[in-house]
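Just below is one structure, and these are the notes that go with it.
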Amino acid sequence: MKLTKNFAAATMLAGVATAFSFLSAGTAQAQGALVMYCGVQEEWCRAMTTAFERETGIKVAMTRKSSGEIYAQVKAEAANPRADIWWGGTGDPHMQAAEEDLTVEYKSPKNEELQDWAVRQWEQAKHRTIGIYSGALGFGYNTELIKSKGVEPKCWADLLTPKLKDEVQMADPNSSGTAYTLLATIIQIMGEEKGFEYLKALHKNVNQYTKSGAAPAKAMALGETTVGIAFMHDIVTMVVDKAPIKVVAPCEGTGYEIGSMSIIKGAKNMDNAKKFYDWALTPAAQKLGAEAKSYQVPSNKSTPVPPEAPKLNEIKLINFDFAKYGSSEERKRLLSKWDNEVKNLP
Ligand code: PLP
């Protein structure tokens, strides 16, 4: 009897829930929907989703993935695209997608409010992707764990010391835009031959190639790795959370990213994708990054730069060739060379 009563109550509740979900699906349909692939940290992705829904009433279905994974998914879905907008992640796979006709040209009225580097990205991609933030690559170390190692790395070269065997973590450049930025940075600093020699030597000290670029920063904070290679702003997030970590801008110089945004070709919600695109370039949307503890430099000149953001003008930045390293041929070639010559080494 009790069981039956509970069952009846559960059925009634399920009915109510279904009615609600029909209602909300109806509302979403009335006001439109948007499918977003999001390439930054989960917290920031969620903040953007919620704020855009609140602002417009457009229901957002968001999926968070790493930069290279989103590119692979967009390419795999090209015949029947599921996503409308690809927001965030490093610029290189956005550039590759632009070249491969997976994304569309768009000129936002907000373009004139943006930093030169953001607009240059748009021009180089023939108007198919645009810069939304920028940040420099670097590494960090756990100040507690490093004590027993007898080193204090300041340069990329310092990461090769046998004292750091199995103590360095980085991501896999196939999935991670952060790690691809490292690959392209090392080659631009050292030349391709010496650069690959460096990456092979570094491999001896790498304990794990993670899927996501920010994972090594988190692992450092948890004491799971002594050194982590990541974007400096991702490491700063851990420092803000009081992890015992020192952030390093490597002495030889370093590369940087132009985090980008693109509209997917064949988007089913094209008008909403453009609405999101314009909104995402406003200071109101861009300041959500810092609120979600993501400390990049935003692309709208009027968005306040978070005080925690590593100062790009104080870091020795290389003259990063985004067009070359974002080109389809070069990106494919370098990734397959890295797979063959580095990843599969014992
Ligand atoms: N999260 C943040 C805060 C970033 O700045 C970036 C780079 O654009 C990413 C994530 C990209 O991550 P991944 O290296 O996993 O592609």
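Could you name the aspartates and glutamates in cross-link range of LYS147, using Cα to Cα under 14 Å and dropping any fewer than eight places away on the same chain?
Correct list for LYS147: GLU167.
For the chain, find the longest principal axis of its Cα atoms and tell me its angle to the long axis of helix 2-31, 0 to 90°, nearest 10.
80 degrees
Quick check on region 36-102: take the gyration tensor over C-alpha atoms, sort the square-rooted eigenvalues as a ≥ b ≥ c, and tell me if it's rounded (a/c under 1.5), prolate or oblate.
Because a/c hits 1.5 or more and a/b exceeds b/c, region 36-102 counts as prolate.
Helix 177-190 versus the longest principal axis of the chain: what angle, 0 to 90°, nearest 10, using Cα atoms?
20 degrees
Solvent-accessible area of LYS194, probe 1.4 Å, all protein chains present, reported in Å² to the nearest ten, please.
LYS194 has an accessible surface of roughly 140 Å² with all protein chains in place.
Return the percentage of antiparallel bridges among DSSP beta bridges fully within the chain, rounded to the nearest 5 %.
About 60 percent, rounded to the nearest 5.
Less than 18 Å apart at the alpha-carbon level, and either on another chain or at least 8 residues along: which lysines does that give for LYS265?
LYS75, LYS107, LYS126, LYS274, LYS275
Quote the FRET efficiency, to the nearest 0.05, computed for GLU152 versus LEU222 with a Förster distance R0 of 25 Å and r equal to the Cβ-Cβ distance. Could you put the intermediate results ahead of the total?
Values: r = 21 Å, r/R0 = 0.84.
Computed FRET efficiency for GLU152 and LEU222: 0.75.
How would you classify the chain from its alpha-carbon gyration tensor, with a ≥ b ≥ c the square roots of the eigenvalues: rounded for a/c under 1.5, else prolate if a/b is greater than b/c, otherwise oblate?
Here the chain falls in the prolate category.
The values are calculated or read from the model by the stated rules, or taken from the named source; none is laboratory data. The structure displayed is predicted, hence computed values, not measured ones. Using ideal geometry, Cβ is built from the backbone for each residue, glycine included, and neighbour counts are taken over all protein chains shown. All accessible areas refer to the heavy atoms of the entire protein, side chains included, with ligands and DNA or RNA removed. Shrake-Rupley method; radii C 1.70, N 1.55, O 1.52, S 1.80 Å.
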